[in-house]
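Worksheet: the structure to be examined is printed underneath.
Each value in this text was obtained by applying a stated rule to the coordinates, not by laboratory testing. This structure is a prediction, so every number in the text was calculated from the model and none was measured. With ideal geometry, Cβ positions are generated from the backbone for all residues, glycine too; neighbour counts draw on all protein chains shown.
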Amino acid sequence: MQARRVKIIATGKYMPSRTVTDEEMDARLGTPRGWVRRTTDVAIRHFAGEGESASYMGARAAEAALAEAGLDFTEIDCLVCTSGTREQALPSTASLIHRELGGEMSGIPSFDIDATCISFLVGLDLMSYLVEAGRYRYVMLVSSEIASVGLNWSEKESAALFGDGAAAVIIGPSEQEESAIVGASIRTYSKGARLSEIRGGGTRIHPREHNSQTETDFLFHMNGQAIFKMASKLLPGFVDELLEPYGLNMGDFNAVIPHQGSAMAMRLMRKKLGISKEQLIYITPDHGNTIAASIPMGLHEAVRQGKVRRGDRVLLIGTAAGLSLGGMILVY
């Protein structure tokens, strides 16, 4: 299989102004002091404050990526929002980010790709083909997530995990460079479709039905143990299937950037997949689970901290509601 000559040109990130510590979460959840840190390993997460909408955060992350790339928004050929949450039902969050960036009459196409926690990975996979084909030169992918508004505070273990924030990545053609997307795989096992969900808000349970009896339908629900059990069975075979055609094994990667689902998920990945501590990009303690933004945030931090350099082989991997698995091999 031929690698796609597509390069990650720049990354950007935006974290909301409000910092929430594990002590604050213990108080909010009514748990003993230290419970949140022991259970989740999240010491700090950020919650969106006044004026920090998903489109606002996404635009700020996009501006940071544009500045790094030395590009103006008018030079972007397509804007894709790759998020698991939406700012509103209509229009797409991408169009709202587009407006926030001052592109009202630019005509730059924009749309959303939603595969929950692996939305960025799926968006990068799909859009890279359009870049390689010459349909677009520069594509901006933006993941902007506000999990905090939908937390079910009675489900303490999941509520303690999440944080808000945004990340942006600009991709373009890799012209006579080593950078490339080597391969990718997405798999969905819908037996687990109800293990992580928000039941309300669509046509099945419309917002007009929102009342005290249906309130939990509009909040996040996750059966963490069941997801853990499914993922632990599926991940090793999935990764073997991804790597085998290229003759690669886990030791061949300079860095592994996973969806930061939880500390338990990170331990599972390390043990089941044989990922070394040095390889793993682990940002959970000071970010929490930022849904689809977690992989591009991990990439941004890995590059910023010098853990990923040009020419390094990187593995992106994650699980998502659905239940879906995603993986990508790339040379940064």
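Count the DSSP beta bridges whose two residues both fall in the chain, then state the antiparallel fraction as a percent rounded to the nearest 5. Display every interim value, and only then the final one.
Values: 38 of 52 bridges.
In the chain, approximately 75 percent of DSSP beta bridges are antiparallel ones.
Counting only C-alpha contacts under 8 Å and six or more residues apart, can you give the relative contact order of the range 6-173 as a whole percent?
Values: 351 pairs, mean separation 58.2, N = 168.
Computed over the range 6-173, the figure is 35 percent.
Using unit Cβ charges (K, R positive; D, E negative) and no other charged atoms, how large, in debye to the nearest 20, is the dipole of the range 130-255 about its Cα centre?
Numbers: 11 positive and 16 negative charges, 124 e Å.
Result for the range 130-255 is approximately 600 debye, rounded to the nearest 20.
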Run the numbers on the chain and let me know its relative contact order in percent, using alpha-carbon pairs under 8 Å that are six or more apart. 25 percent
Show the residues, 5+ positions off or on another chain, whose built amide H is closer than 5 Å to the amide H of Val308. Val303
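Kindly state, to the nearest 0.05, the FRET efficiency for Gln225 paired with Met105, given R0 = 45 Å and r defined as their beta-carbon distance.
On the way: r = 51 Å, r/R0 = 1.12.
For R0 = 45 Å, the calculated efficiency reads 0.35.
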Considering only the range 180-331, what is the antiparallel percent among its DSSP beta bridges, to the nearest 5? 80 percent
Under the rule of at least 5 residues apart or a separate chain, name every residue whose amide H is placed under 5 Å from the amide H of Leu323. Tyr189, Ser190, Lys191, Gly192, Ala193
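Using DSSP, restrict attention to beta bridges with both residues in the range 6-173 and report what percent are antiparallel, rounded to the nearest 5.
Values: 19 of 27 bridges.
If we restrict to bridges inside the range 6-173, about 70 percent are antiparallel.
For the range 6-173, just run the numbers: alpha carbon Rg, then divide by 2.2 N^0.38 Å, N being how many residues it has.
Details: Rg = 17.2 Å, N = 168, 2.2 N^0.38 = 15.4 Å.
Its radius of gyration relative to the 2.2 N^0.38 Å reference: 1.12.
Counting only other residues whose beta carbon sits under 10 Å from that of Ala48, what net charge do I get with K and R as +1, D and E as -1?
Working: positive: Arg18; negative: Glu50, Glu52, Glu145, Asp164.
Combined, the nearby Lys, Arg, Asp and Glu give -3.
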Could you work out the relative contact order of the range 85-192, using alpha carbon pairs under 8 angstrom and six or more residues apart, expressed as a whole percent? 22 percent
From the convex hull of the Cα coordinates of the range 245-287, what is the mean projected area in square nanometres? 3.3 nm²
10 Å binning of all Cα-Cα separations within the range 25-87, expressed as whole percents from 0 upward: 16, 32, 27, 17, 8, 0
How many nm separate the modelled label positions at Arg304 and Thr74, each set 7 Å beyond the Cα in the direction of the Cβ? 2.9 nm
Per residue of the range 108-119, in order, report the coupling 6.51 cos²θ - 1.76 cosθ + 1.60 (Karplus, θ = phi - 60°) as ³J(HN,Hα) in whole Hz, putting x for Gly and Pro. 4, x, 8, 6, 9, 10, 10, 10, 6, 5, 10, 4
Let me check I have the definition right: for the range 180-331, take the eigenvalues of the Cα gyration tensor, multiply each by 5, take square roots. What are those semi-axes in whole Å, largest first? 31, 17, 14
Once phi is turned into θ = phi - 60°, what whole-Hz ³J(HN,Hα) does the Karplus curve with 6.51, -1.76 and 1.60 give for every residue of the range 144-161, x standing for Gly and Pro? 10, 10, 10, 7, 4, 6, x, 6, 9, 5, 7, 9, 4, 5, 7, 4, 6, 7
What is the spin-label model distance, in nm, from Glu178 to Lys191 if the labels are put 7 Å beyond Cα along the C-beta direction? 4.1 nm
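Divide by every residue of the chain the summed helix terms, -39500 (n - 2.57) for each DSSP H run of at least 4, and state the resulting mean residue ellipticity at 222 nm, rounded to the nearest 500 deg cm²/dmol. Present the calculation step by step, with values, prior to reporting the outcome.
On the way: 10 runs with 102 residues, N = 332.
Helix contribution divided over all residues of the chain: -9000 deg cm²/dmol.
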Can you pick out the pairs among Lys191/Lys233; Lys233/Lys271; Lys13/Lys156 whose Cα atoms lie more than 22 Å from each other? Lys13/Lys156
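Compute the Kirkwood hydrodynamic radius of the chain, taking the inverse of the mean of 1/r over all pairs of distinct Cα atoms, and give it in Å to one decimal. Could you put the intermediate results ahead of the total?
Details: mean 1/r = 0.0500 Å⁻¹.
Evaluated on the chain, it is 20.0 Å.
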